[in-house]
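Step one of this worksheet: look at the structure below.
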Amino acid sequence: MNPKSMFFETLELIKLVFNSRKYIWISLIFGILSFGILYYLLVVKVANQDIWISVMMSGALFVTLSIVSITLMSFLSAILFSMILFHFNNFRKGSEKGFFGFIGSGIAAFGVGCPTCGAFLFGLIGMPLALTYLPWRGVELQLVGILILILSIYLTGKSIKGICKIKNTEISN
């Protein structure tokens with residue numbers, strides 16, 4: 001299966017989930033909450049509630065990449081959360097692939113924060129300067145987390161598609 005067809009197949013499954021307004025609202029609320037928490041970790045905890053202090057400490061490129069990645073992580077986490085709820089509500093089985101994606105969110109969250117003083121989460125586990133040892137100061141953790149989320153959305157979609165075939169639910173290809 002080529003990547004293009006995998007992408008369109010996953011997109012069709014996401015559309016199937018979002019046919020219900022319930023999952024749209026769940027996704028929207030979850031995404032806003034996720035963004036708020038990650039933005040709080042980036043700006044409030046690290047830069048004393050001022051985005052410009054964060055820019056002066058870490059540089060405009062790092063802060064811009066961090067905001068883009070937390071937006072993307074929030075968006076992908078919200079889609080994954082809705083897909084997992086859809087899967088559970090319709091088929092009464094949890095999805096272990098979805099849990100894998102939320103591990104990706106956790107990994108990516110460790111990359112959010114100032115590279116010189118360390119991410120808030122690293123400080124919680126006693127390693128406040130951990131990001132200074134990474135080549136891109138934590139951006140790589142954000143990218144790994146995003147890739148894990150994308151993989152998890154794909155695997156959860158495959159799981160939904162497999163069960164839909166068994167239950168005779170049509171998914172347009």
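The values are calculated or read from the model by the stated rules, or taken from the named source; none is laboratory data. Just so we're clear, the structure is a prediction, and the values are computed from it rather than from any experiment. Here the Cβ positions follow ideal geometry from the backbone for every residue, glycine too, while neighbour counts run over all protein chains shown.
Scanning segment 127-140 finds no residues that are within 14 Å of the chain's Cα centre (by Cα), modelled with pLDDT under 75 and of a type in the set (Lys, Arg). When residues in segment 89-111 are screened for being modelled with pLDDT under 80, over 13 Å from LEU38 (Cα atoms) and in a helix (DSSP H, G or I), 11 of them pass. Scanning segment 140-154 for residues that are within 17 Å of HIS87 (Cβ to Cβ) and buried (at least 19 other Cβ atoms within 10 Å of the Cβ) gives LEU149, SER152, ILE153.
Take the residues in segment 58-69 that are buried (at least 16 other Cβ atoms within 10 Å of the Cβ) and free of Cβ contacts under 8 Å to residues at least 60 places away in the same chain; name whichever of them is farthest from GLY31 (Cα to Cα).
VAL63
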